[in-house]
Amino acid sequence: KKKKPKGGWTRIKKLKASNKRCITVTFRGIRQPEKKPIERIITSLPKEVSLSQQPATTPSSSSSTVLPKLSPLSKLLTIIVTTSPIRSNPSTELLEQTFDTFSFGGEEFAYECPKVIVCDGCRVLEDENDDDTNGDNNSSDNKNDTLEEKKDESTPKITRKYANIKQTLRNGIATVDQAGNYREFKLRLRKLCEEANNNDENEKKSPFRNTRVVELEERHGYGFALRHALYHCVDTPYVCVIQHDRTFMRPTPIKEVVTAMENDAKQQIKYVGVSMRSNLMYHDIFSGKYGRRAVDEFKTMILYPNELRIDGNIYGPDGTSVANMVMPRTEKRRKNLEALKDTYRGSHQRITYDEWLSSSEGKAKNENGRHHQLSLTPTLFWYDNTHIVTTSHYRDFIFHPQYKMVARGGFVEDKLSPCMVRSCERLGLRDGHAKFGCYLLDDHSGVVFTGHLDGGSFMSANSVHHKDDRYAAKKIMAANGNKNECN
């Protein structure tokens, strides 16, 4: 800048315009890890563990490790279930169906572990026509009074309306009637839990046993509602987070997973997600995104804990877990399930496991053929689907206010998953993933552990019957030629 004699300022162009176009190309990738010398590896061991105390690295010694006895699962794990207003309120059928599948996690998981149901708040969208119900009898003074009263109310201002009811409720916006149904739903839910807690030992156990209901006055969203439960309602070292419409489809080794996390001396297992349809073949998803060089290191990060080497013919393609699965009701979905099995057999997820079985470690762990080894596949995506996490990892890292990895009103996976990818791009795949410690459980059967009821579209049995009757009536009227009435 050059100063004028009269006190003004003028700009001097230092760069001349160019007729050539400039293209900026940015390359993003996962950096290769640095080769650590042996001295650094030795110094990174815990102080209380000496080199003489380290177990031998031979496969035979790892397969014969004696596991220490742990506390009961009810002392280690708390189940957190999150819910919010949905169309089926005030019916509790959705949560009842979800809780009924807890028995697939084991008797102790279903009936002894403490449970917390977090009911998120909602914003009430008042009807604009409510003010005109009395016609023109109201004077202008009365209208002004009502407007002033509305300004003084603490209800938040709604700046956007959604034509879709499902999306509106998903964003925590409910009408007056929907808010009333939600209040009635919470009353019924409390009564359901009280009856389950007061049942005699001789009566049939209810999965709502040892359950408490926590109501939030304002809308927090899934992430912050979960944070409230972690800070105020949990005193166990591990939590199992379940959304209100996520169900178990077949027997799942919940206790074995918690045992593996408890016995993990390196503390590298912080999150274990239970497989669903979208992440059943995560190995293939990873290889499609990051290429062969990253996949070679990815394979070395797959874990095969001794705690997940389960006796009996329970897990695997021919295990009883698949045989006892809740089969889909429709023929189309059953065919899709069989097609998913066929796809899994030729996936990298299955091929990598077969390669491990043919290795020396795999042969040593499966020498008698009476055990099946489940694996933990590393993931760079934090799935909000049913998962088990160390409580301290959630409190001290994921929800740490300094990092701001979870947004208020949103889901945990939305903002946290990109943070995981950037961490691996900056530090390398192994070191970047170690900060989050996320893994997915797989028994290599090609069948998912959990399903989705879709709470936004879920309707109670009475509503479904009413809907089916209406459709049946339409078909009868169409057969009689009353097409106009059918529409």
Cα centroid separation, the stretch 409-423 to the stretch 232-258 (Å):
21 Å
Both in Å, the radius of gyration and Dmax of the C-alpha trace of the stretch 313-379 are 14.3, 44
Sites residue 358 and residue 164 - FRET efficiency at Förster radius 51 Å, r taken between beta-carbons, to 0.05
0.50
Around residue 187, with a cut-off of 12 angstrom between Cβ atoms, what is the net charge of the other residues, counting Lys and Arg +1 and Asp and Glu -1?
+2
Neighbourhood net charge (11 Å Cβ-Cβ; Lys/Arg +1, Asp/Glu -1) for residue 264
0
In the stretch 247-327, which GluC sites (Glu not before Pro) fall in coil by DSSP and have 12 or fewer other Cβ atoms within 10 Å?
none
What percent does the relative contact order of the stretch 292-413 come to when contacts are Cα pairs within less than 8 Å and at least six residues apart?
34 percent
Surface/4 estimate of mean projected area, convex hull on alpha-carbon atoms of the stretch 188-233, nm²:
4.0 nm²
Cross-link pairs 205/266; 341/365; 270/404; 341/363; 289/435; 335/363 - those with Cα-Cα distance over 30 Å:
205/266; 335/363
Just the accessible area for residue 379, please: 1.4 Å probe, Å², rounded to the nearest 10?
0 Å²
Relative contact order for the stretch 164-219: what percent, with Cα pairs under 8 Å and sequence separation of 6 or more?
28 percent
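The values are calculated or read from the model by the stated rules, or taken from the named source; none is laboratory data. None of the values given here were measured: they were computed from a predicted structure. Heads up, the Cβs are rebuilt from the backbone with ideal geometry, glycines too, and the neighbour counts pull from every protein chain shown. Side chains are part of the model used for accessible areas, which takes the heavy atoms of the whole protein and leaves out ligands, DNA and RNA. Shrake-Rupley method; radii C 1.70, N 1.55, O 1.52, S 1.80 Å.
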